[in-house]
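Data block below; observations after.
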Amino acid sequence: MIVCHDIHKHFGGFRAIDGVSLKIPEGAITGLLGPNGAGKSTLFNVIAGVHKPTSGKVTLAGEDITGLPPHALFARGVLRTFQIAHEFSSMSVLENLMMVPGGQSGETLWNTWFHRSRIAREEEELRARAEDVLDFLTLTHVRDERAGNLSGGQKKLVELGRTMMVDARVVFLDEVGAGVNRTLLATIGDAIVRLNRERGYTFCVIEHDMDFIARLCDSVIVMAEGRVLAEGAPADIMQNEQVIEAYLGT
Ligand code: ADP
Ligand code: MG
């Protein structure tokens, strides 16, 4: 579904990504592993339109999407989760889900007033969808809680929930399990698997927890020093000597 063709991303003279070619297959959950500084987040940012690559091409189902801004990718169903921003932390969980970006941002005040009834109806639909998402993610009990008061894991679920407010096709999750307790990590894992099986989401996840990766991922790509080091099934990757060396730093 997503194909990276020989991506390079340099920061000054530093090669954060140094010639990465890879495929993220449709309908699968692909893991992206690698030691800190390997270039994983930078690669996500290049694919998701946050950074333009120095060179190379990204395609989505054959269409060149290189360097498209995040809102253009969003319209194509390519989403990267972001942490709940400071300004949203005082809003409720439900309100956070209802803040779908790109909605009526282009509307003038006059249009907004003129289309008030339409907007009221849209808001009703948005609310119903948000309630469904809360139910799916087992978050209904915290729907009116301020987002800032949630635990780390619950915040991650809300971030995942935001991707469900639109018709996402490919979702990129950067260290979804960082600082999350094991119970919630399992809930997040279940949500990912269900979104994949029941709603056809394609996922690419950066995660350090090997059990999580092994349980979730169909295949794994390992990066080190801005390059792809190995690819394969989780069980094979964990036996791979190059991978073990990269992690041990020897
Ligand atoms: P990972 O997510 O695998 O830990 P990153 O993609 O965050 O790695 O970073 C890869 C390398 O690129 C690191 O050495 C980091 O310091 C560097 N880097 C990332 N973003 C920037 C930036 N905006 N400016 C300069 N260097 C950066
Ligand atoms: Mg990172």
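The numbers here are math on the coordinates, done by the rules we state, and not lab data. What you are looking at is a predicted structure, and each value in this text was computed from that prediction instead of being measured. When we count neighbours, we look across all protein chains shown, and the Cβ atoms used for this are built from the backbone with ideal geometry, even at glycine.
Kindly give Rg over Rh for segment 2-248, based on alpha-carbon atoms, with the Kirkwood expression for the hydrodynamic radius.
With Rg and the Kirkwood Rh in hand, the quotient comes to 0.99.
Are there any GluC sites (Glu not before Pro) in segment 176-238 that are in a DSSP loop and have at most 15 other Cβ atoms within 10 Å? List them by number.
Glu225
Cα-based count: Lys pairs in the chain below 23 Å, eight or more positions apart or different chains?
11
Counting only helical runs of four or more DSSP H residues, what would the 222 nm mean residue ellipticity of the chain come to if each run contributes -39,500 (n - 2.57) and the total is spread over all its residues?
Counting only the DSSP helices, I get -11500 deg cm²/dmol.
Let me check I've understood the local charge: for Leu73, count other residues with C-beta under 14 angstrom from its C-beta, Lys and Arg +1, Asp and Glu -1. What total comes out?
+1
Give me the orientation-averaged projected area of the Cα convex hull of segment 8-92, in nm², one decimal.
With the hull built on Cα positions only, its mean projection is 7.5 nm².
I want to check the label-to-label distance for Asp144 and Met99. Put each point 7 Å from Cα in the C-beta direction and report it in nm to one decimal.
Here the modelled spin labels are 2.0 nm apart.
Subtracting the Cα-Cα distance from 0.36 nm times the residue separation, let me have the gained length for Asp236 to Arg15 in nm, one decimal.
That works out to 76.7 nm of additional length.
Report the net charge of residues surrounding Gly27, where surrounding means a beta-carbon distance below 11 angstrom and charges are Lys +1, Arg +1, Asp -1, Glu -1.
Summing Lys/Arg as +1 and Asp/Glu as -1 gives +1.
From the backbone phi of segment 52-58, what are the Karplus-calculated ³J(HN,Hα) couplings (6.51 cos²θ - 1.76 cosθ + 1.60, θ = phi - 60°) in whole Hz, Gly and Pro given as x?
7, x, 5, 7, x, 9, 10
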